[in-house]
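The values are calculated or read from the model by the stated rules, or taken from the named source; none is laboratory data. Since the model is a prediction, treat every value here as computed from it, not as a measurement. No Cβ is skipped: glycine too gets one built from the backbone with ideal geometry, and neighbour counts run over all protein chains shown. For the accessible areas, the whole protein counts, side chains as well, though only heavy atoms, and no ligand, DNA or RNA atoms are used. Shrake-Rupley method; radii C 1.70, N 1.55, O 1.52, S 1.80 Å.
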Amino acid sequence: MTQQSRSGGSPAERAEALLTRSRSRFLQALREAAEEVIHHPDWLDAFTGAAGECFDELSSQRPGRGPEDVRGLTASRMNLVHDNETDYSIALINLDQRLHDYCGRDLAALHMRMRMQLVGTPLVLQDESPLGTESVCRALRGLKEAERLSATEALGLLQQLEEPLRRHLSGFYRAFEHELANEGLGARVRGRPQHVEPDEEAPDSADSPAARVKLGVHPVDALRLSVLARHKGKPQPAGGLDRSLASALIDRIEAWLGERQQYGAGVPVSLGASELGALLSPTKAAAVEVIETICGYAAEAPRLPTPFRSLIARLRVPLLRLALRSETLLAAERHAALRMVDQIANLGRTVAPDCSPDLPVCRGLLTIVNTLAQAPRISDKDFEAALGAVEALVLSRQRSAVARAAAFKSEVERMERRDVALQHACRALYLVIGHAKPSPVRNFLENYWVHVIAKVAYRHGSDSAEWATRLHTANRLLATVDDSQGARSLKRRVAEIPYLIEELKEGLGWVGLTESRIWDALAPCMALHANLIAGKPAPEFVPRRSSCRPTLSSRAEKSGLRVLKHKQYVPGELPLPPAWAALEVGDTVSVALPDGSVMRGFVAQFAPLRQVILIADGDDNVQLAITARALSQQVELPETQLFRPVSIVDEAASSKLVHT
């Protein structure tokens, strides 16, 4: 299928085509993995058929179709956990976790890519990917039921299938994501670009300046050619100015610029448009206009804080003096002076808009700029030395921030272990709950019991007997309100309620709840159970869902450290966009925080599994430890940005070309 045919048609047709294609590729990958172990065609069909049903279920959130319709598709087969097969149910949950740990990053990238592809279509994917490990494990449950395998046979099959599934799934996720990316059908991801090129109208002539920019000519070179072209039409003195006269003119202009800067008289809006500027050669006039364009653009740049606009304004006279003397200012290789302007502007974009000129970095830059302003005769070497000083200042600031953050290494690692334990607990509980309707029992599990399971995962691991016991308790509690298996089964489960309540009380006490809070947590469940026992309708229930947003806190014992993480049950996946998933130590970022502030700084360190990131302020002893899941939600906010170097010099030249 060609790229054109894949991207053609209405939005709904494109969405359906993508789903059909991804479903086919997913089932093919599963079948290839299973064929390494399973040699019965009927078993292979049952496995891929169940996976296809789960794919359809997880991808079927579309207009006109409610959640109750989705639940009715395959509810009996898609419930991963069965209370009469505890060992197999826990084995499936643990397999899901291991597959997710192994393939999770590749799956997250693919899920994000598919969401991008579906922008503008009537289909919105749920947080849980239809191509994910949940579909795989539910398909294994479907295979067991379809072929009536014993628990022992099914457990043995899980062990044999795990390695082929890991290998084929990870390969499929990577290959399909690259395929979609190469087609270029999706919208740009959130790792927002820091510069958007100005819109340009289609030029009438291929020789126009805007056309040259579009055709790949460097913006600065295009602006230089544009100025030279204008000067060709102007009358020039016969044979040009005498060399000695030209040199004297430059000396006079340079002295005049220096005097006006020294005594505060200022520089005219355009030296190039002045009487003295009119006497310059076309080459010098082009250099002067480029500098004036850059400085004028920076003076109005809204993303530059006032101290940085002032720095570039103070650089204007040294840059104009250099434009009069340098033979390489506009050479193909970017001149040190222009690179220095870019460095200052890039640094300015990363600090707070209301930053103080007394920041150490601002004072350091001002010292460097003043050295240039006071130079008796400016030269290329002066700017090369100044650029080196700016680069050293920027690097020193970054290294100091990373060094300050090193003291929090153990805290970051401990925070990651706790967050991973909560992730595993949320994932396991999500699979246990399945498609259970909202009820006091489900509310209790999501808001209270998840912390018991998370503590077990942190203390004992998810392969421990304690883990299986706590999950089994959750499943038994759900079973007490499951009316799908008949009155006799429900009566048997209701008889277990008193023993179950004692287990729940013990678990809540273990995580530190007081006696009164334990009873408050259990009261809605107990009221529901009382009505069931009495044969009365369930009491009216208003679902209480905790916020899925992360919580900001400070570490009292760690001065300067703030923490942003989830403290509660979070269903589904929270993948980082690819640009943010590829963060490296030293990258500059800003993160919007729940209290309305913005943390700006450098990525200083990662926890071992990259589930916690430590960001360090470049100027103060302030650090933010943020989980990857919390960051994935904060990137939705406009103040959260990943800064990449851009060129204000090129921006200025492009803007001038477009608007002339």
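What's the center-to-center distance, using Cα atoms, between the stretch 296-328 and the stretch 585-654 in Å?
Taking the Cα centre of each part, the stretch 296-328 and the stretch 585-654 sit 27 Å apart.
I need to check one value: relative contact order of the stretch 439-534, counting alpha carbon pairs closer than 8 Å and at least 6 residues apart, in percent.
Averaging sequence separation for qualifying contacts and normalising by length gives 36 percent for the stretch 439-534.
Greater than 20 Å separation of Cα atoms is the criterion. Which listed pairs, Lys409/Lys565; Lys381/Lys656; Lys455/Lys505; Lys437/Lys536, meet it?
Lys381/Lys656
For a quick size check, give me the Cα extents of the stretch 549-642 along its three principal axes, largest first, whole Å.
36, 28, 27
Could you order Lys284, Lys567, Lys656 by accessible surface area, starting with the largest, using a probe radius of 1.4 Å?
Lys567, Lys656, Lys284
Enumerate the amide H contacts of His218 below 5 Å, restricted to partners 5 or more residues apart or on another chain; note that Pro and chain-start residues carry no placed amide H.
The answer is none.
Out of Asn621, Gln634, Pro608, whose Cα points farthest toward the positive end of the dipole of the stretch 549-642 (charges: +1 Lys, Arg; -1 Asp, Glu; placed on Cβ)?
Farthest towards the positive end: Pro608.
Under the definition of Cα pairs under 8 Å and six or more residues apart, what whole-number percent is the relative contact order of the stretch 319-388?
About 48 percent, as a whole number.
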